[in-house]
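Notes follow once the structure below has been shown.
The values are calculated or read from the model by the stated rules, or taken from the named source; none is laboratory data. Everything numeric in this text was worked out from a predicted model, so none of it was measured. Counting neighbours? That spans all protein chains shown, and the Cβs are built from the backbone with ideal geometry, glycine included.
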Amino acid sequence: MKLESSIAAIVTGGASGLGEGTARRLAADGAKVAIFDMNAERGEIVAGEIGGVFCQVDVSDEASVDAGFAKARAAHGQERVMVNCAGVGWAEKTARRSSSTGEISAHSFAGFNKVIAINLIGSFMCAAKSAAGMMALDPHGESGRGVIIHTASVAAQDGQIGQLAYSASKGGIYGMTLPMARDLSREGIRVNTILPGFFETPIYEQMPPEVKVNLAAHLQFPQRFGTPAEYADLVSFMVSNDYINAECVRLDAGARMPPK
């Protein structure tokens, strides 16, 4: 699908990190971009810089998602491109023993639910509601009605110690890619997923330099963190190449993660 001024796109988590990089790239490619994010201050800035619209959305809350779609569609019309980048991290073992007291405790159920609600259910909800809207459109030439792109993680396949909730959420995204693509194939809507490794995002920017060096040692080549622009390159390719569908692509410089 060739991006042009008639094409509307929505990017969740578009106020920072991979989402911001994606929003900027899609706008540069010619699309009208709406940003879904909780950070209103940053979201308004990015939207203003790319000529887009900001919608304050909690992707885990259906009413908030519906309001976001209504605002984005009022501004730009029905989107043909939906990119899910919104997500949160979490570090906690299934069960653990305190090194100081010996007390044993299970993983926080509230924490697990929060990660699943934002990362997995949020991606599903935005995709399903976007697909329903796309189905009302006429096909865009031979490119069909639209494209949905999810963001999983290499943790979906290489989950490390303490990544239980995060890996489960990203593994769910990985697992729903093929059936979602099959569900929507006759409607001319493609679905793909990107599994990023280590990228220069706000989460990693807060880490001490030595931690980032240690993480980069698990990469093959190049041995550096990826950039949001490199992630956005793959998003742009997946949108523009009509023959890539139902794919889950690792974008990780050849990383294979050890247990910890």
Q. Restricting attention to segment 146-187, which residues are in contact with a helix residue (DSSP H, G or I) (Cβ under 8 Å, 6 or more places away or on another chain) and of a type in the set (Gly, Ala, Ser)?
A. GLY146, ALA152, SER153, ALA155, ALA156, GLY159, ALA165, SER167, ALA168, SER169, GLY171, GLY172
Q) From the residues in segment 51-75 that are of a type in the set (A, V, I, L, M) and in contact with a strand residue (DSSP E or B) (Cβ under 6 Å, 6 or more places away or on another chain), which one is surrounded by the most Cβ atoms within 10 Å (Cβ to Cβ)? A) VAL57
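VAL115: over 22 Å from SER236 (Cα atoms), among the β-branched types (Val, Ile, Thr) and assigned to a loop (DSSP other than H, G, I, E, B), yes or no? Full working, then the answer.
Working: over 22 Å from SER236 (Cα atoms): yes; among the β-branched types (Val, Ile, Thr): yes; assigned to a loop (DSSP other than H, G, I, E, B): no.
For VAL115, the condition - over 22 Å from SER236 (Cα atoms), among the β-branched types (Val, Ile, Thr) and assigned to a loop (DSSP other than H, G, I, E, B) - is not met.
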**Q.** Any hit, segment 148-159, residues being surrounded by fewer than 21 Cβ atoms within 10 Å (Cβ to Cβ), out of contact with any His (no Cβ under 7 Å at 6 or more places or on another chain), part of a loop (DSSP other than H, G, I, E, B) and at pLDDT below 95
**A.** yes
Q) Can you tell me which residues in segment 173-202 are among the acidic types (Asp, Glu) and in a helix (DSSP H, G or I)? A) ASP183, GLU187
Q | Pairs where the first residue, in segment 91-112, is farther than 21 Å from SER169 by Cβ and the second is of a type in the set (Val, Ile, Thr), C-beta under 9 Å, 6+ apart | A | ARG97/ILE104; SER98/ILE104
Q: Answer yes if at least one residue in segment 173-183 is free of Cβ contacts under 8 Å to residues at least 60 places away in the same chain, farther than 24 Å from ILE116 by Cβ and over 18 Å from the mean Cα position of the chain (by Cα), and no otherwise.
A: no
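Being more than 14 Å from the chain's Cα centre (by Cα), under 23 Å from PRO139 (Cα atoms) and at pLDDT 95 or above is the filter; apply it to segment 2-27 and report the residue that is surrounded by the fewest Cβ atoms within 10 Å (Cβ to Cβ). Let's see the steps before the verdict.
So the first thing to find is which residues in segment 2-27 are more than 14 Å from the chain's Cα centre (by Cα), and the list is 2-8, 24-27.
So of that shortlist, the ones also under 23 Å from PRO139 (Cα atoms) come out as 2-8, 26-27.
This time we only want the ones that are at pLDDT 95 or above, so: 7-8, 26-27.
Values: ILE7: 24, ALA8: 24, LEU26: 27, ALA27: 21.
So, considering only residues that are more than 14 Å from the chain's Cα centre (by Cα), under 23 Å from PRO139 (Cα atoms) and at pLDDT 95 or above, the one surrounded by the fewest Cβ atoms within 10 Å (Cβ to Cβ) is ALA27.
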Q: Among the strands (runs of 3 or more DSSP E) lying completely within segment 1-106, list those that include at least 1 residues that are hydrophobic (A, V, I, L, M, F, W, C) and farther than 28 Å from THR177 by Cα.
A: 95-97, 104-106
Q: Report, by residue number, each residue of segment 202-233 that is of a type outside the set (Phe, Trp, Tyr), surrounded by 18 or more Cβ atoms within 10 Å (Cβ to Cβ) and within 20 Å of ALA27 (Cα to Cα).
A: PRO228, ALA232
